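Read through the structure below, which is laid out as structure tokens, and then see the notes.
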Amino acid sequence: MKKKPFVTKEKLEEIVREVPTPFHIYDEAGIRRNCEAIKKAFAWNKGYKEYFAVKACPNPFLIKIMKEYGCGCDCSSLTELMLSQAVGCVGDDIMFSSNATPAEEFQYARKYNAIINLDDFTHIAFLEKATGDLPKKLSCRYNPGGVFKISNDIMDNPGDSKYGMTKEQLFEAYKVLKEKGVKEFGIHAFLASNTVTNEYYPLLAKVLFETVVEIKEKTGVEISFINLSGGVGIPYRPDQEPNDIQEIGEGVRKVYEEVLVPAGLGETAIYTEMGRFMTGPYGGLVTTAIHEKHIHKEYIGCDACAVNLMRPAIYGAYHHITVMGREDAPCDHMYDVTGSLCENCDKFAIDRMLPKIDIGDLLFIHDTGAHGFAMGYNYNGKLRSAEVLLKEDGSYRVIRRAETPKDYFATFDEYDMYDKLFV
Ligand SMILES: *Cc1c(COP(=O)(O)O)cnc(C)c1O
């Protein structure tokens, strides 16, 4: 499928007059359409709720849009909890799925009645010690170990991942929690990442549902919510077939009716914690080609770099690039498209066939709506970019301003460095 930016060249040129590149832009209409589709796909389950994985795109303006569709927040740190609370998500609207959790974060999560998802058996005692007692409602994270295989080319390795409890620990955890007076129980597992297949959730559901039936038989504990977590992928490459959320929802329903309903667990709520699938395709990084360089290879140097989008640099992730205004031009030039970090891995594309790029051209780097801006950092003294929302009516709004040098110097407050040096 041909990948097309959700914004026109003319619109970007208008925005660039006010907001210099680089910036991330988000598509409100796309996010809303997707929320509707997810709601519909899981409407068969009375208790269904999506907890948006805040880490994927921690912008309160976007979280607020998703909240309109009943989405809560999945948090894993103090500031993510604060962000959720700031947009009005508290109590059952927050899932706190963290690991190696500091005591203060458990305390904060308890203060706002977030649903806590315990990553380890030892966290029962740790949470009790940190917060004085245990909440009435708790969830446990399961790691079945081994290799989780979906098809020949999609698999992941839970046996190698640091998250969750073994099956024995999980069963023991529910027993202990029940003895300690916990009344409502959940289960959670995240077994594979960025799965571009409709089979992942149904296969994961089968593992979890069968485990839930076994828990009921062996411990008498009835699980009331099952959290399928994240991992639903998006097609970063043009030749990938996008997931069909309707089919995914139906797949989960089938397993639900096969496994849970006959076991008398037909009231169990299904939760999801999707991040990438919620915002990934509805974000793009807009950058200007500011240099070309002809040495042993052909290079295009951009004003964005890996601090704005880290995925290509750290795991060679593919992000499609559109040269704005050259959508239909032949891809007859091979380029490395680079940023300006003093790191040779700072390349958005390597040996990529693209239309001829001229200095001043706007490049649209696709699918940066999740794990894009969010993974940003300040290496090389680079500053974080702005974030812009392309609204449904075609107008735009800056939903986060770009950092300035003053922001960079703000943490040297003891020395008043910025004021002394520059004012
Ligand atoms: C990262 C994460 C998610 C979201 O994952 P996606 O692949 O973005 O859908 C959900 N839950 C937990 C606990 C996570 O760590």
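β-branched (Val, Ile, Thr) and within 15 Å of the ligand (Cβ to nearest atom): does that describe Val54?
In short, yes.
Restricting to the stretch 57-103, name every residue that is more than 10 Å from the ligand (Cβ to nearest atom), out of contact with any strand residue (DSSP E or B) (no Cβ under 6 Å at 6 or more places or on another chain) and of a type in the set (Gly, Ala, Ser).
Of everything in the stretch 57-103, those that are more than 10 Å from the ligand (Cβ to nearest atom), out of contact with any strand residue (DSSP E or B) (no Cβ under 6 Å at 6 or more places or on another chain) and of a type in the set (Gly, Ala, Ser) turn out to be Gly70, Ser77, Ala86, Gly88, Gly91, Ala100, Ala103.
Please list, ordered by first then second residue, the pairs with beta carbon atoms under 7 Å, 6 or more apart or interchain, first in the stretch 269-287 and under 15 Å from Phe190 (Cβ atoms), second among the basic types (Lys, Arg).
As it stands, the answer is Tyr271/Lys49; Gly275/Lys55, since those pairs meet every condition given.
So, in the stretch 64-103, of the ones that are of a type in the set (A, V, I, L, M, F, W, C) and assigned to a strand (DSSP E or B), which residue ends up surrounded by the fewest Cβ atoms within 10 Å (Cβ to Cβ)?
So, considering only residues that are of a type in the set (A, V, I, L, M, F, W, C) and assigned to a strand (DSSP E or B), the one surrounded by the fewest Cβ atoms within 10 Å (Cβ to Cβ) is Ile94.
Those residues that are part of a helix (DSSP H, G or I) and of a type in the set (Phe, Trp, Tyr), I need them from the stretch 113-166; list them, please.
Phe126
Could you tell me which numbered condition Leu208 fails, if it satisfies all but one of (1) at pLDDT 95 or above; (2) over 24 Å from the mean Cα position of the chain (by Cα)?
Single failed check for Leu208: (2).
Step by step: first the residues of the stretch 151-179, then only those that are within 16 Å of the ligand (Cβ to nearest atom) and more than 22 Å from Thr101 (Cα to Cα), then the one that is nearest to the chain's Cα centre (by Cα). Which residue is that?
Here the residue is Asp156.
Do we find that Lys206 is touching a helix residue (DSSP H, G or I) at 6+ places or on another chain (Cβ under 6 Å) and either of a type in the set (Asp, Glu) or touching a residue at least 12 places away in the same chain (Cβ under 8 Å) (or both) in this structure?
The answer is yes for Lys206.
Given the residues Val182, Val213, which is the only one that is under 22 Å from Gly47 (Cβ atoms), away from the ligand (no atom under 16 Å from the Cβ), modelled with pLDDT of 95 or more and part of a loop (DSSP other than H, G, I, E, B)?
Val182
So which residues in the stretch 188-203 are more than 10 Å from the ligand (Cβ to nearest atom) and buried (at least 24 other Cβ atoms within 10 Å of the Cβ), if there are any at all?
Leu191, Tyr200, Tyr201
Considering only the stretch 348-357, I want to know if a residue exists there that is buried (at least 21 other Cβ atoms within 10 Å of the Cβ) and assigned to a loop (DSSP other than H, G, I, E, B).
No, the conditions are met nowhere in the stretch 348-357.
Just checking, how many residues over the stretch 335-386 are touching a Leu at 6+ places or on another chain (Cβ under 8 Å) and farther than 20 Å from Pro20 by Cβ?
The qualifying residues number 3.
In the stretch 243-276, which residue that is within 16 Å of the ligand (Cβ to nearest atom) and part of a helix (DSSP H, G or I) is nearest to Glu36 (Cα to Cα)?
By that ranking, first place goes to Ile245.
The values are calculated or read from the model by the stated rules, or taken from the named source; none is laboratory data. Bear in mind that the values here come from a model prediction, so they are computed numbers and not experimental data. All Cβ positions, glycine included, derive from the backbone under ideal geometry; neighbour counts span all protein chains shown.
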